[in-house]
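First, the structure itself, so that you have it in front of you.
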Amino acid sequence: MNRLPQRQQVRRGEYVLGWREAGRGRPVVLLHGISSSSASWIRQFNDRGLLDGHRLLAWDAPGYGGSLPLAEPNATAAAYAAALAALVAELRLEQPLIVGHSLGALIGSAYAAGYPDGLCGLALASPAQGYATAPEEKRRQVYGQRKQMMETLGPQGYGEQRAAALLRAGADPQNIAWVRNGMQQLDPDGFLSAAWMLANDDIGGYLARYRGPLEVWCGDEDRITPPEGAGRLAREQDAPLRLIEGAGHASYLDAPACFNRYVQDFTGAIQP
């Protein structure tokens, strides 16, 4: 694996937030998924072509890495988005591109809805869409499965059991090890807060309030948020769907060259 920028941390108002950054130019904010952290974006931080012309920032969501949990219990994606807005303001980012992966796509959508002047575009990569519109039994199941797994296995066992599922079949062993390491550093309380949000929120309500540039990306071998679901969301939002060939759920690791090119294409298509 390549080098990872050092984690930084700041207190702003009620939040203590961690992030990593590298590069100069147009700001791009990367939002990780439920089983990851800012460290998951190592392939992006080591792409000189991407860093040339882009200020790349990856946050730790509240309850992850260098970020303290949110004060409110059972927080929605809008509450996570308020923390993101605080970080964007603290770092004085002007119109960043928001790239949300998996659960980060739900948070990014809430940010786009609540702070439409705080971004130039939104990319939803393998988006987790939430289960707020599902029957109550399904919502309980979504949360309960994750709660049981974390309580039974702990972060160590969770990483051992789940890491390979995030990647394509026959994935690079280094990538599997990197995903596993990230999972094994999860804070169980932060993870379960995010799991509650996944089970009880919905991406559609947020996207209905967003009118800016939008793209949906998905690995063509994604077994967690398959291309069919991503495609339906793209059609509902009248947004392009861009598949990432030879990539599973963690497409930014499986196929970083393609993923990074999509970032560059998106920022290049948006007028400064």
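Of all the helices (runs of 4 or more DSSP H) wholly in region 186-265, which have at least 1 residues that are touching a Cys at 6+ places or on another chain (Cβ under 9 Å), among the polar types (S, T, N, Q) and closer than 20 Å to His32 by Cβ?
Fully inside region 186-265 and qualifying: 251-254.
Let me ask something else. Given the conditions (1) surrounded by fewer than 23 Cβ atoms within 10 Å (Cβ to Cβ); (2) touching a helix residue (DSSP H, G or I) at 6+ places or on another chain (Cβ under 8 Å), report the number of the one that Val16 does not fulfil.
Of everything listed in (1) surrounded by fewer than 23 Cβ atoms within 10 Å (Cβ to Cβ); (2) touching a helix residue (DSSP H, G or I) at 6+ places or on another chain (Cβ under 8 Å), Val16 misses just condition (2).
Return the total of residues in region 147-171 being free of Cβ contacts under 8 Å to residues at least 60 places away in the same chain, over 29 Å from Glu72 (Cα atoms) and not small (Gly, Ala, Ser).
Total meeting the criteria: 2.
Could you tell me which of the residues Leu31, Leu68, Leu56 is surrounded by fewer than 22 Cβ atoms within 10 Å (Cβ to Cβ) and touching a residue at least 24 places away in the same chain (Cβ under 8 Å)?
Only one candidate qualifies: Leu68.
Looking at Gly182 and the list (1) open to solvent by 60 Å² or more (accessible area, probe 1.4 Å); (2) touching a helix residue (DSSP H, G or I) at 6+ places or on another chain (Cβ under 7 Å); (3) within 18 Å of Gly33 (Cβ to Cβ), which single condition is not satisfied?
Unmet for Gly182, out of (1) open to solvent by 60 Å² or more (accessible area, probe 1.4 Å); (2) touching a helix residue (DSSP H, G or I) at 6+ places or on another chain (Cβ under 7 Å); (3) within 18 Å of Gly33 (Cβ to Cβ): (1).
Given the condition touching a helix residue (DSSP H, G or I) at 6+ places or on another chain (Cβ under 7 Å) and open to solvent by 30 Å² or more (accessible area, probe 1.4 Å), answer yes or no: does some residue in region 94-102 qualify?
Checked region 94-102: no residue is touching a helix residue (DSSP H, G or I) at 6+ places or on another chain (Cβ under 7 Å) and open to solvent by 30 Å² or more (accessible area, probe 1.4 Å).
What residue, of Ser40, Ser36, is under 20 Å from Tyr143 (Cβ atoms) and in contact (Cβ under 8 Å) with a residue 24 or more places away in the chain?
Ser36
So which of Ala250, Ala255 is closer than 18 Å to Leu31 by Cα and touching a residue at least 60 places away in the same chain (Cβ under 8 Å)?
So the residue among Ala250, Ala255 that is closer than 18 Å to Leu31 by Cα and touching a residue at least 60 places away in the same chain (Cβ under 8 Å) is Ala250.
Let me ask something else. Among the residues of region 205-236, how many are in contact with a helix residue (DSSP H, G or I) (Cβ under 8 Å, 6 or more places away or on another chain), surrounded by fewer than 17 Cβ atoms within 10 Å (Cβ to Cβ) and under 16 Å from Ala169 (Cα atoms)?
Number of matching residues: 2.
Could I ask something else about it? Counting residues that are modelled with pLDDT under 95, which helices (runs of 4 or more DSSP H) fully inside region 32-148 reach at least 3?
Once the helices (runs of 4 or more DSSP H) in region 32-148 are filtered for at least 3 residues that are modelled with pLDDT under 95, nothing remains.
Name the residues in region 23-40 that are touching a strand residue (DSSP E or B) at 6+ places or on another chain (Cβ under 6 Å) and hydrophobic (A, V, I, L, M, F, W, C), would you?
Residues satisfying the conditions are Val28, Val29, Leu30, Leu31.
Return the total of residues in region 237-272 being of a type in the set (A, V, I, L, M, F, W, C) and open to solvent by 30 Å² or more (accessible area, probe 1.4 Å).
4
Quick one: what pairs do we get from region 115-140, first residue closer than 15 Å to Ile98 by Cβ and open to solvent by 40 Å² or more (accessible area, probe 1.4 Å), second among the aliphatic types (A, V, I, L, M) and part of a helix (DSSP H, G or I), C-beta under 6 Å, 6+ apart or different chains?
Note: pairs meeting the criteria are Tyr115/Ala85.
Has region 172-180 got at least one residue that is of a type outside the set (A, V, I, L, M, F, W, C) and in contact with a strand residue (DSSP E or B) (Cβ under 6 Å, 6 or more places away or on another chain)?
No; the residues of region 172-180 include none that is of a type outside the set (A, V, I, L, M, F, W, C) and in contact with a strand residue (DSSP E or B) (Cβ under 6 Å, 6 or more places away or on another chain).
The values are calculated or read from the model by the stated rules, or taken from the named source; none is laboratory data. Here the structure is a predicted model, which means the values were calculated and not measured. Every residue, glycine as well, gets a Cβ built from its backbone with ideal geometry; the counts of neighbours run over all protein chains shown. In case anyone asks, the SASA skips ligands and DNA or RNA and just uses the protein heavy atoms, side chains included. Shrake-Rupley method; radii C 1.70, N 1.55, O 1.52, S 1.80 Å.
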